[in-house]
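Since the structure comes first, as structure tokens, the remarks are kept for the end.
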Amino acid sequence: MDDTHLNPTTHRRGFLGTIAAGAAAIGMAAIASPLQAAAGVNAPFGSAEDADAWFARVKGKHRMIFDVTRPHEVMPFAWPKVFMMTNAATGTPEKENSVVVVLRHDGIPYAFEDRI
């Protein structure tokens, strides 16, 4: 006699694996849409023209951007202060000076509060 099954059945492990895979796929689809939407909204600029337009919105005659990639004690905030003090010493009014500090990579913890 042949042991060929005419009614194929799924074993319990196979069934549970199929359920788990389906749940994971649904979960990933539910997460992917909000992440894609947020990525498009939060991107400050996508091309050089957009970057120039963003920089043009920074007010002031004298503008400076400091890019902080890693912590160096107080230096990420000391250099902007030096920029402002130097311009003030040359007689430039404070309202004509603008400083932007960009925190990225290892510099991001500077943006956190002590609650974190």
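The values are calculated or read from the model by the stated rules, or taken from the named source; none is laboratory data. What you see is a predicted model; the values in this text were computed from it and never measured. In this analysis, Cβ positions are derived from the backbone assuming ideal geometry, glycine residues included, and neighbour counts consider all displayed protein chains. Remember, those area values only see protein heavy atoms, side chains included, never the ligands or the DNA or RNA. Shrake-Rupley method; radii C 1.70, N 1.55, O 1.52, S 1.80 Å.
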Exercise. Where residues in the stretch 55-97 are within 24 Å of I108 (Cα to Cα) and among the β-branched types (V, I, T), which of them is least open to solvent (accessible area, probe 1.4 Å)?
Worked result: V68
Problem set entry | Pair list, Cβ under 9 Å, 6 or more apart: the stretch 87-116 residue under 19 Å from P71 (Cβ atoms), other residue open to solvent by 50 Å² or more (accessible area, probe 1.4 Å) and among the basic types (K, R) | V99/R63; V99/K81; V100/R63; H105/R70; D106/R70; G107/R70
Exercise. Checking R115 against (1) of a type outside the set (G, A, S); (2) surrounded by fewer than 12 Cβ atoms within 10 Å (Cβ to Cβ); (3) touching a Gly at 6+ places or on another chain (Cβ under 9 Å); (4) more than 19 Å from R57 (Cα to Cα), which single condition isn't satisfied?
Worked result: (3)
For this session: Return yes when H105 is modelled with pLDDT under 70 and open to solvent by 100 Å² or more (accessible area, probe 1.4 Å) and no when it is not.
Result: no
